[in-house]
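Student: Below are the structure tokens for one structure; questions will follow.
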Amino acid sequence: MTFRAFWLYGVLGTLVLCIVCLLACSPADPAFSGQVRDRENGGGIPQAHIEIAGQTVSTDEEGEFDISLDVGRYHVVVSAFGYARESFFIHLHEGVGRYVCDIELKQRTVRGKVFDASTRQPLSGVSVSSGGITGTTENDGHFALPYPERQSLSFTEPCYHDGELS
């Protein structure tokens, strides 16, 4: 092989190496990632839904998500069963590879008071249940349960007729 052939292969090799480096070093599309957590206990919320740019992505078992997006401004809506929905905007800039945001959702709760219909006195110890979750009224008749989305509330007390609210 001649000097000229070595020189040509060297120039071509260097050019290919430069192109590969430029492609590898070029900024990737921005990504939006993070974890959806319970505001009270900090635990990840599995199967939470993130609506952004016309798509819906679910979180994994630890409440984590990762979404590739183009540069731009986006409206984000985050929801999960039994939690209040959160909504906010993000702006992904050129040159920023990853926008990380941990999102905390607050559990929705239904609260009420049970009382005797004729005497208007609060009833304590009444069993209140919905969706497989049961609680008991306090001395002042008040109760609180995780929000029973599309579920009825049932009330039982030995000396009273059972009640139900849709």
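Student: Residue by residue through segment 69-81, which ³J(HN,Hα) values in whole Hz follow from phi under the Karplus form 6.51 cos²θ - 1.76 cosθ + 1.60 (θ = phi - 60°), with glycine and proline marked x?
Tutor: 9, 7, 4, x, 9, 10, 8, 10, 10, 10, 9, 7, 4
Student: Counting only protein heavy atoms and using a 1.4 Å probe, what share of the accessible area of segment 43-125 belongs to carbon plus sulfur, as a whole percent?
Tutor: So the carbon and sulfur contribution to the accessible surface is 46 percent.
Student: Let's test the formula: R0 of 45 Å, r as the Cβ-Cβ distance of residue 118 and residue 53. What FRET efficiency results, to the nearest 0.05?
Tutor: 0.20
Student: Compute the semi-axes of the equivalent ellipsoid of segment 91-166, taking the square root of 5 times each eigenvalue of the Cα gyration tensor, and list them largest first in whole Å.
Tutor: 42, 12, 9
Student: For 157, 138, give me the order by solvent-accessible area with a 1.4 Å probe, most accessible first, ignoring ligands, DNA and RNA.
Tutor: Per-residue accessible area, sorted high to low, gives 138, 157.
Student: Give a residue-ordered list of calculated ³J(HN,Hα) values for segment 40-52 (Karplus: 6.51 cos²θ - 1.76 cosθ + 1.60, θ = phi - 60°; whole Hz; x for Gly, Pro).
Tutor: 7, 10, x, x, x, 9, x, 6, 6, 10, 10, 9, 7
Student: Tell me the per residue accessible area of segment 42-157 using a 1.4 Å probe; a whole number in Å² is fine.
Tutor: 59 Å²
Student: How much solvent-accessible surface does residue 162 expose, in Å² to the nearest 10, with a 1.4 Å probe and all protein chains in place?
Tutor: 110 Å²
Student: Find how much the distance from residue 77 to residue 102 grows on full extension, using 0.36 nm per residue of separation minus their present alpha carbon separation; answer in nm with one decimal.
Tutor: 7.7 nm
The values are calculated or read from the model by the stated rules, or taken from the named source; none is laboratory data. All values reported here derive from a predicted model rather than from experimental measurement. Because the Cβ atoms are built from the backbone with ideal geometry, glycine has one as well, and the counts that use them run over all protein chains shown. Each accessible area value is taken on the protein alone, full model and side chains, heavy atoms only, with ligands, DNA and RNA left out. Shrake-Rupley method; radii C 1.70, N 1.55, O 1.52, S 1.80 Å.
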